[in-house]
Each structure stands twice: as C-alpha cells, then as structure tokens.
Amino acid sequence: MKMKLTTMAVAAVMAAGPVMADLVFPSLSYRTGPYAAGGIPFADGYADYMTLLNERDGGIGGLPARILECETGYNTEKGVECYEATKGEGSLVYQPLSTGITYQLIPKATADDIPVHSMGYGRTSAKNGNVFSHVFNYPANYWDGASGAINYLLEANGNDISGKKIALVYHNSAYGKEPIRTLQGLAEKHGFELMEVAVDHPGQEQKSQWLQIRRERPDFVLMWGWGVMNQVAIQEAANIRYPMENFIGIWWSGSENDVLPAGDAANGYKALTFHGVGSDFPVFDDIQKYVVDAGKAAGAGDQVGTVLYNRGLYAAMLAAEAAKKAQEIHGVADITPGMMRDGMEALEITEAKMAELGLPNFGPEFTVSCENHGGNALVGVTQWDASAGSWSLISDFKPTDGDIIGPLIEEDSAAYANENNIPANCG
C-alpha cells in the first residue's frame, strides 16, 4: 500500500510537469519526521537553484530542469520506494540525503545505470570509482571530516595532541559509526586517546552520556549527530559547562537549527564544512530576483543563506555542472542517466568556474576521475557567533590525511568488490 501511495504521489507530480523533454532531478526529501528541520532547507536550496537556472538561463543546455520531489521522512524503506517510483522518469542522479538510503541504493542504481551523489555522507569507500562505478561522494567524505577535525586540533595545539583525550559523540547508526576506524588510526598515529560515546536515535535523551563526559573530562569532543540529537548535545554540553570552543561537529551537526535552541550558551561551538556560509555571494541576488521575489521559491524564502539551504544549493550546482559536462561530452542536450554518470566522472570545479556561477570561494576546488569519485578531500571549519546569530568560516579548505584514509578506502572497497564479484571499472 505504501508503495502504491508513493507511486500515486509521484504520478500526480509528473502529471503537473511539462510535456516537452526536460532534465529530471529527483529530490529524496524529508519535510516530515524527526529530521525535517534539516531536510526542509536542503530540499528548498536544491529546488531553488534549479528554478533559478530555468528562470534566468532557460534551463541547462536549453532544456528545463525538473525537480521530482519524493518524501522519505529519512526512512530507508521509504527512500527505496521513492527510488523505485521515480527511476523510470529519466531521473538523472539521486541525492539520497541519508546514509541508510545510500547503502541500499548503491547496488540498485549501479544495475540501473543511474548515478548516486552522496555528498559528504554515505559509504565513504565509494570514493574508489574503480569499484563503485555509479556512486560519487565529492567534494569530501566522513573520513575526510574525521581527519579534518584532527588536523585542525593539531594546528591549534602546536602540532602535538599526544596524551590528549578526544571523545566522539555519535549517532548510533551506520552514519554515526563511519568515522570510528579513521579516528582509531589517527589516535594511533598522533598518540591521543579516543573515547567513543554512542547516542541512540533520535537522540533526545543524552544525560548519561554527558555525565560520562563530565566525569572523564576529554580535552576535545567531536560529534557525528543529526536532527534533534545535535540540539540536545549542545544544550547538555552547556549544562556541564563544557567549553564550546573545544566542541567540533561534523557538517551535519553545524546548522542554525543545532545552535539556536541553546542561545548564548552555544557561542563558540565549531563545525566542519565543505562549502561556504552566509548569503554574501552574487548568486543569492539572482535567487532573490528570479525565484523568491517571483513567487517561485520552494519554501517561504526564510531559509535562504542558512547552512543547509546553502548545502542543497551547492548539491544542485554540482548536479547542474555535471549535466552540462555530460551534454558537452555526448553532444546532446537530452542526456540519459548513463551520460550523466560520465559527466559526473569528468567534473572539474575550479575557482574560476565558481566565480562565474556567482559562488566565488564558496567551496574547495576539486577534480573527479574514474579512480577518484570523491574529489580532493579538502575540509574547512566554521564557528558559531551567538550574538551575531551567524556562522563564519575560520579555516580555509585544507588537505586531510591520505596516508590514513587511502588504505582504509582501499581495504573497504576491495572487500565490497570481492563480496559482490565486481570487476575493476577503470583502465
């Protein structure tokens, strides 16, 4: 019955769509459920950027972009249903916006010749395009995030964190567990002690975890959280007077939603990022003019420039640029999902390109290749200013530790290839 309802909802959306050929970008969104506060701005940013391209540029390569939104509620089963219900519509690339959904879609999408872009989440070893032909996780992945946090701490502590204790507070799921192996390797390399603190879904109850942190007094706390878990963790950290400047979240733990509920107590909290913050970029003037003021915004227009709106916009920009690259490679505007995959694998994002798009210095430069589906692994750090009510970038996008991450990716992807009898994809 659920599958039938999902199919009916998608059919209704499609019936309302244009008859002419268009470029279909499915949006596996979650505007409902415990993670809606994060899902809504991302979906709005993704849709608004595509609307901007339609209204200002006449689409992508002369064809309109069409967003095909399907509600998952951040539920893996519903996410798979959405995929099955929309894949036949010429859907060019899936952004699952969930590690659980991504894991389920990897074999399905590969068999269907449809690319998946799990930007900054999902299966980290999918960076190895030699094994994962249809999965891309540029510009950075969770293991890059773990290394980026440790590199930042090294830089801030005279390049020596030996003897320090670092706690990882993590969502007790595939997502939250992703950085553990990397952090264990980095702990061995740099001589710090790693303390692992699990938080069960959805994360509203964390008293015992923060009492443990108060008791064991780690020098630094890293967090892999999402949704309400982040708000609760930041409030609990404030309750035990944990110094916020020593508390660093992954990029899914660094939005306005996470810090505003704690008020002034959240001041100084830090989070990793792979894209710019705020709305001080030329593209936002165009979004205001062509999308918001024209009454075509996906939401109320109040999320523009927030962290997760920007992330959705960035994901849409990368999808659009890959579509342009695919059109260029194949010499046709009406590309197939397989052609889109080729465009994603040949994508190169330079500073000149970002500036041309109205997004100067918005994200790291990176290139994709058959062997490398994950980009250049550059990570930045942001910090929350409670009095200004805004995030600021306090670190450039910097390299991460390939000596630790590279072998882990090789090992994990090789195991996947062996289990699933996958031949080498490159060369």
message: Given the options 21, 85, name the one that is farther than 16 Å from residue 311 by Cα, among the hydrophobic types (A, V, I, L, M, F, W, C) and in a loop (DSSP other than H, G, I, E, B).
response: 21
- prompt: Are any residues in the stretch 238-259 surrounded by 24 or more Cβ atoms within 10 Å (Cβ to Cβ) and polar (S, T, N, Q), and if so, which ones?
  reply: 253, 255
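Can residue 228 be described as farther than 21 Å from residue 404 by Cα, open to solvent by less than 40 Å² (accessible area, probe 1.4 Å) and at pLDDT 95 or above? First the steps, then the outcome.
Details: farther than 21 Å from residue 404 by Cα: yes; open to solvent by less than 40 Å² (accessible area, probe 1.4 Å): yes; at pLDDT 95 or above: no.
In short, no.
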message: Please go through (1) surrounded by fewer than 19 Cβ atoms within 10 Å (Cβ to Cβ); (2) modelled with pLDDT of 95 or more; (3) in contact with a Phe, Trp or Tyr (Cβ under 8 Å, 6 or more places away or on another chain); (4) at negative phi for residue 163 and return the number of the only condition it doesn't satisfy.
response: (4)
- prompt: Within the stretch 120-144, how many residues turn out to be open to solvent by 10 Å² or more (accessible area, probe 1.4 Å) and in contact with a Lys or Arg (Cβ under 8 Å, 6 or more places away or on another chain)?
  reply: 2
message: Suppose the filter is open to solvent by 40 Å² or more (accessible area, probe 1.4 Å) and without any contact (Cβ under 8 Å) to a residue 12 or more places away in the chain; does residue 61 pass it?
response: no
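Run down 374, 312 and say which single residue is touching a residue at least 60 places away in the same chain (Cβ under 8 Å), touching a helix residue (DSSP H, G or I) at 6+ places or on another chain (Cβ under 8 Å) and closer than 25 Å to residue 284 by Cβ.
Details: 374 fails: closer than 25 Å to residue 284 by Cβ.
Only one candidate qualifies: 312.
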- line: Within the stretch 98-118, the residues that are surrounded by fewer than 23 Cβ atoms within 10 Å (Cβ to Cβ) and either among the polar types (S, T, N, Q) or assigned to a helix (DSSP H, G or I) (or both) are 100, 103, 104, 106, 107, 108, 110, 111
- request: Could you please let me know if residue 194 is within 20 Å of residue 259 (Cα to Cα), in a strand (DSSP E or B) and in contact with a Leu (Cβ under 6 Å, 6 or more places away or on another chain)?
  value: no
message: Take residue 73 and tell me if it is in the same structural domain as residue 286 (by TED's automatic domain parsing), assigned to a loop (DSSP other than H, G, I, E, B), free of Cβ contacts under 8 Å to residues at least 60 places away in the same chain and of a type outside the set (D, E, K, R).
response: yes
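Which of the helices (runs of 4 or more DSSP H) found entirely inside the stretch 284-363 contain at least 3 residues meeting this: modelled with pLDDT of 95 or more and surrounded by 18 or more Cβ atoms within 10 Å (Cβ to Cβ)?
Once the helices (runs of 4 or more DSSP H) in the stretch 284-363 are filtered for at least 3 residues that are modelled with pLDDT of 95 or more and surrounded by 18 or more Cβ atoms within 10 Å (Cβ to Cβ), what remains is 307-330, 337-345.
Consider residue 362 carefully, then state whether it is aromatic (Phe, Trp, Tyr) and out of contact with any helix residue (DSSP H, G or I) (no Cβ under 9 Å at 6 or more places or on another chain). Give the derivation first.
Numbers: aromatic (Phe, Trp, Tyr): yes; out of contact with any helix residue (DSSP H, G or I) (no Cβ under 9 Å at 6 or more places or on another chain): no.
For residue 362, the condition - aromatic (Phe, Trp, Tyr) and out of contact with any helix residue (DSSP H, G or I) (no Cβ under 9 Å at 6 or more places or on another chain) - is not met.
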message: Six or more apart or on different chains, Cβ atoms under 7 Å: show the pairs whose first residue is in the stretch 285-308 and within 12 Å of residue 48 (Cβ to Cβ) and whose second is modelled with pLDDT under 95.
response: 292/301
- request: May I ask you to verify whether residue 102 is modelled with pLDDT of 95 or more, touching a Gly at 6+ places or on another chain (Cβ under 7 Å) and of a type in the set (Val, Ile, Thr)?
  value: yes
message: out of contact with any Pro (no Cβ under 7 Å at 6 or more places or on another chain), assigned by TED's automatic domain parsing to the domain that holds residue 122, under 29 Å from residue 284 (Cβ atoms) and at pLDDT below 95: which single residue out of 19, 13 fits that description?
response: 13
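The values are calculated or read from the model by the stated rules, or taken from the named source; none is laboratory data. Just so we're clear, the structure is a prediction, and the values are computed from it rather than from any experiment. Neighbour counts are summed over all protein chains in view; Cβ atoms, including those assigned to glycine, are modelled from backbone coordinates with ideal geometry. For accessibility, only protein heavy atoms count, side chains too; no ligands or nucleic acids. Shrake-Rupley method; radii C 1.70, N 1.55, O 1.52, S 1.80 Å.
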